[in-house]
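**Q** Have a look at the structure that comes next, please.
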């Protein structure tokens, strides 16, 4: 009963996996990530390719049944908002003690099964990613909680969000705050087409996870 229909695919989906759009006072299409803006809304599957297609094919006008103005880079605007939301959540987690940084602390959090996600900066070395991938795989093989891995932000972005410098690796610890952060990371990764879920992520692939497994 809570499903919404995507105007691009015409398929139903949960609101959490879709993006709501509304029309502003100036007839401009506005993304409503929190799904709280007033007025009639339309829904698009939360992937960049679908937002781009909706904008290019004039699907918003047809859905709203009126002429509307679409921002030149609506898909980029949505990605920026998702990125800001995820970085903001990371900052809150740090203040709440729900996040650790540094390869040694991250490795410890993974091996003691205390985290739900690992973050690697875009500048992270393949060797650093591979070592943490080994730790994640070992824990999961032993029946521990699966740990997602993401490479979504630059070192500068992570440092700014986490109040530090040279932030290359971080671990989001388990708990209520951690689950909130994980949802936002998953949303951004899914939008970019890099949904890691709890299996091997793009970050693992970049570092050669299969090699890491063979080394265990």
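The values are calculated or read from the model by the stated rules, or taken from the named source; none is laboratory data. Keep in mind the model is a prediction, meaning the values are calculated, not measured. So basically every Cβ, Gly included, is an ideal-geometry build from the backbone, and we count neighbours across all protein chains shown.
**Q** Looking at this structure, is residue 124 part of a loop (DSSP other than H, G, I, E, B) and under 19 Å from the mean Cα position of the chain (by Cα)?
**A** In short, yes.
**Q** Something else now. For residue 171, state whether it is modelled with pLDDT of 95 or more, outside any helix (DSSP H, G or I), buried (at least 17 other Cβ atoms within 10 Å of the Cβ) and out of contact with any helix residue (DSSP H, G or I) (no Cβ under 6 Å at 6 or more places or on another chain).
**A** No; evaluated as a whole, the condition is false for this residue.
**Q** OK, next. Out of all the residues in segment 32-70, which are more than 25 Å from residue 192 (Cβ to Cβ) and out of contact with any helix residue (DSSP H, G or I) (no Cβ under 8 Å at 6 or more places or on another chain)?
**A** The answer is 38, 39, 61, 62, 64, 65, 66, 69.
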